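Bear in mind that the values in this text are calculations on the coordinates, not laboratory data. In this text, all values refer to a predicted model and were calculated from it rather than measured experimentally. With ideal geometry, Cβ positions are generated from the backbone for all residues, glycine too; neighbour counts draw on all protein chains shown.
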Amino acid sequence: MEKQWEEMSSDEKQEEMFNRWLSPKDSQGNGLKFQSPQTEKAFKDRITRIKDAIQMKKLPDRVPVFLAPSFFPVYYAGITPQESMYDYDKCCMAFKKFVLDFEPDGHLGAFVPGAGKALEILDYKLYSWPGHGVSPDASYQANEGEYMKANEYEALIDDPSNFFSNTYLPRVFGALEGFKMLPALTGILEMYGVAVNFIPFGLPPVQASYKAFFEAGAEALKWIGAMGAWNDEIAAAGFPIIVAGFTKAPFDVIGDTLRGTRGIMLDMYRQPDKLLEALDRLTPLMIKMGVGTAQMAGHPLIFMPLHKGADGFLSDAQFKKFYWPTFRKVMMGLIAEGVVPMPAAEGRWTTRLEVVQDLPKGKTLWMIDQSDIAKAKKTLGKVACMYGNVPSDILAVGTPQQVKDYVKNLINTCAKGGGFIVSNGAFFDQAKAENVHAVVDTTKEYGVYK
Amino acid sequence: MAKDLVNTLADLKEQEAIEIVKDRLSAGDDPFKIMEDARKGMEIVGKRFSESEYFIPDLVYSGEILRVVTELVKPKLTKTTESKKLGKVVFGTVAGDIHDIGKDIVVFMLDVNGFEVHDLGVDIPAQKFVEKIKETGAPIVGLSGFLTLAFDSMKETVEAIKAAGLRDKVKVMIGGGQMSDEIKNYTGADAYGKDAMAGVSLAKKWTGVG
């Protein structure tokens, strides 16, 4: 008899999540129809190769290869980032061309550009995007700010959802200003609570904000319809997407978009206890976010973009006190539910490697950028599969021969014993197509385990 | 005896530093001297950063303490705190890129090391760099960028400097995110600085003080 989810160990849960990924459903919830038995085999071979690399129990048939671009597929297809954010058909065309032309074992889907019109409806302030603060041929970029004030930790800790809906959202979305007038929904308790607490919903600014909310929702639905159909088509052609969704390290939640880099750094000195309490408060929310998405997608890999933990951003003591404990808790919470956290250590993390290797073996998948890769293999690489390290500079201005030499050297340094996937190390926009081909082709040629 | 503002600030003791400044102001101390001590404190902060004793949060916090101190002293300042500068540097994040954290750190380090930095900000078109070089006569230009799209913007900026006939009058350094010596060659810049300290060393070397 099959075990119920609740009765499974975390190992069994992870195995079950991989099984779901191996037998995918289409966007309508039915079993995915592959183009041919060959593409079905290619799809399953690719996932098995990735799974073996992650679990570190047996060697894959060869070193897998990922391509994790930012807007590169858009430039490669000859459209602008602006077009890719507003014309979903063009976006899908570009990313389809990218996957089919380069044939990586794993790709990130067509999600990077997102739904430009929804951002416009909401008047999103946290990012500048093509045509809104940056030129039509540039990628979107974050506008840092103190979207949460230094004296608002209590409000966040008391009721994170209420803080988000009534304070944070109105600040980052101009069209949601009206939400400042919303009541706390936990006040709707009794007969007399109903009328009183519904008053704000009748006010014109609140209704205007809800109107924008619904319009953005309709646009997001249109976008996900295009993305879902794209995923079905590309999976049916044999190419698995490697990310089901994302979550974050609590320190980055506060440091990136709530308090900002400057804000959180001052808080470490001026109100460390409040900061620590808020990090704890966000931890279960970040676990639920990752587990929920993985369950919904039937896919074990949850991406975690890491930012403020990189070398130099914190001292060793600050990293151990403020960044690592709740980051690790989030990963352990995901692992317990069969999810494979995929932290992306962009930039340099060389000084963190010894700390972050305190993880169970075969349960995480790390993107490594410019960290000392030989040291990474000897530390983190003992317990975790790593991907990345092919640098953006040679992809953009180097030659295919340089790329080939780099990848061969990388395979020699890291692939022994498994637990390694060749990939670019940072999400890139600019690159020469022949150099991107060289990453994939060299891996397929030299990465075979004998 | 007044406590030592230089070391209190260098040790990032915010409250104590503010108390000292208030005490010294009410005792009628020369506000110019107070600012001079604050500057010396910041110099030590920069030194500790370059020796990996301090990290980015320490720089940010020291900058914040300095801001508070400056606000206290400013109303009493009769003359400006013009100290002799080592040389002028024009600095900015190149066109299309709006990242500023890395740029701000290098600007901070150049400043505490005695350079007069003209920080243009982010997303700066090539022509703006050219204009600022002409206006200030700065012999050093720093181009910052985080994204791979900055590769081409940097190249265009160096070309614009060349087209304006200024290329042999300035030294250009690049840095940030995905920059490297490879990209330095691509852009036609003179040097790549791996971090803020490398940027300071380059500037010192180019002005003949390092």
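For the Cα atoms of chain A, what angle does the longest principal axis make with the long axis of helix A:400-414, in degrees from 0 to 90, nearest 10?
Helix A:400-414 sits at roughly 90 degrees to that axis.
Between helix B:56-73 and chain B, what is the angle of the helix's C-alpha long axis to the longest principal axis, kept within 0 to 90° and rounded to the nearest 10?
With both axes taken from Cα atoms, the answer is about 50 degrees.
Just counting partner chain Cβ atoms within 10 Å, what average do the residues of peptide A:425-434 show around their Cβ?
Per residue, the average neighbour count from other chains is 3.
If you average the alpha carbon positions of region B:15-37 and of region A:414-444, how far apart do those two centres end up, in angstrom?
Their Cα centres are 57 Å away from one another.
Listing A:Cys414, A:Cys92 from the residue with the fewest other Cβ atoms within 10 Å to the one with the most, what is the order?
Going from sparsest to densest Cβ surroundings: A:Cys92, A:Cys414.
How do the peptides A:340-349, A:183-192, A:118-127 rank, highest first, by the average count of neighbouring beta carbon atoms within 10 Å per residue? Kindly include the intermediate steps, with their values, before the conclusion.
On the way: A:340-349: 24.3, A:183-192: 10.5, A:118-127: 18.4.
Per-residue mean Cβ counts within 10 Å order the peptides as A:340-349, A:118-127, A:183-192.
Rounded to the nearest 20 debye, what is the charge dipole size of region B:88-207 about its Cα centre when +1 sits on each Lys and Arg Cβ and -1 on each Asp and Glu Cβ?
It comes to approximately 440 debye.
Across peptide A:346-358, how many C-beta atoms of other chains are within 10 Å of each residue C-beta, on average?
Neighbouring Cβ atoms belonging to other protein chains average 1 per residue here.
To the nearest 10 degrees, how steeply does helix A:433-446 sit against the main Cα axis of chain A, on a 0 to 90 scale?
That works out to roughly 60 degrees.
Within region A:106-125, find all residues whose amide N lies under 18 Å from a label point positioned 7 Å from the Cα of A:Gln207 along Cα-to-beta-carbon.
Backbone N within reach: none found.
According to a simple spin-label model (label point 7 Å from Cα along Cα-to-Cβ), what is the distance in nm between A:Leu285 and B:Phe32?
So the two model labels end up 5.3 nm from each other.
What's the ranking of A:59-71, A:211-223, A:320-332, A:31-43 by average number of surrounding C-beta atoms within 10 Å, highest first?
Highest-to-lowest ranking by the protection proxy: A:59-71, A:320-332, A:211-223, A:31-43.
Net charge near A:Ala212, counting Lys/Arg +1 and Asp/Glu -1 over other residues with Cβ under 13 Å of its Cβ? Could you put the intermediate results ahead of the total?
On the way: positive: A:Lys117, A:Lys211; negative: A:Glu120, A:Asp123, A:Glu177, A:Glu215, A:Glu219.
Overall, the nearby charge balance is -3.
Just give me a number: lysine pairs in region A:337-431, eight or more positions apart or cross-chain, with C-alpha atoms less than 25 Å apart.
For region A:337-431, the number of qualifying lysine pairs is 23.
Enter the Cα centre distance for the pair region B:145-189 and region A:185-202, rounded to the nearest angstrom.
Between the Cα centre of region B:145-189 and that of region A:185-202, the gap is 60 Å.
Residues with beta-carbon under 10 Å from that of A:Pro130, excluding A:Pro130: net charge, scoring Lys, Arg +1 and Asp, Glu -1?
-2
Note down the magnitude of the dipole of the protein assembly as shown about its Cα centre, charges +1 on Lys and Arg C-beta and -1 on Asp and Glu C-beta and zero elsewhere, to the nearest 20 debye.
Approximately 1240 debye in magnitude.
Cut-off 11 Å, label point 7 angstrom out along Cα-to-Cβ of A:Lys361: give me the residues of region A:11-36 whose amide nitrogen falls inside.
No residue qualifies, since no backbone N sits under 11 Å from the label point.
Along the positive direction of the dipole of the protein assembly as shown (beta-carbon charges: Lys, Arg +1; Asp, Glu -1; about the Cα centre), which of A:Asn143, B:Ala203, A:Trp366 reaches farthest?
Value: B:Ala203.
With respect to the cross-link table entries A:Lys211/A:Lys274; B:Lys40/B:Lys88; B:Lys84/B:Lys194; A:Lys57/A:Lys432; B:Lys13/B:Lys84; A:Lys149/B:Lys13, which display a Cα-Cα separation exceeding 24 Å?
Working: A:Lys211/A:Lys274 36 Å; B:Lys40/B:Lys88 20 Å; B:Lys84/B:Lys194 28 Å; A:Lys57/A:Lys432 36 Å; B:Lys13/B:Lys84 28 Å; A:Lys149/B:Lys13 22 Å.
Those over the limit are A:Lys211/A:Lys274; B:Lys84/B:Lys194; A:Lys57/A:Lys432; B:Lys13/B:Lys84.
Starting from the 7 Å offset along Cα-to-Cβ, what nm value, one decimal, do you get for the label separation of B:Ser52 and A:Met296?
Going from the B:Ser52 label point to the A:Met296 one covers 4.3 nm.
Need the C-alpha centroid separation for region A:1-32 versus region A:92-151, integer Å.
So the two Cα centres are separated by 31 Å.
If you take every DSSP beta bridge whose two residues both sit in the protein assembly as shown, what share of them, in percent to the nearest 5, is antiparallel?
Percentage antiparallel, nearest 5: 15.
Taking every residue in B:172-180, how many Cβ atoms of other protein chains lie within 10 Å of its Cβ, on average?
Per residue, the number of nearby Cβ atoms from other chains is 3 on average.
About the Cα centre of chain B, how large is the charge dipole given +1 on each Lys and Arg Cβ and -1 on each Asp and Glu Cβ? Please answer in debye to the nearest 20.
Dipole size: approximately 740 debye.
In Å, what Kirkwood hydrodynamic radius results for the protein assembly as shown from the alpha-carbon pair distances?
Radius from the Kirkwood sum: 26.9 Å.
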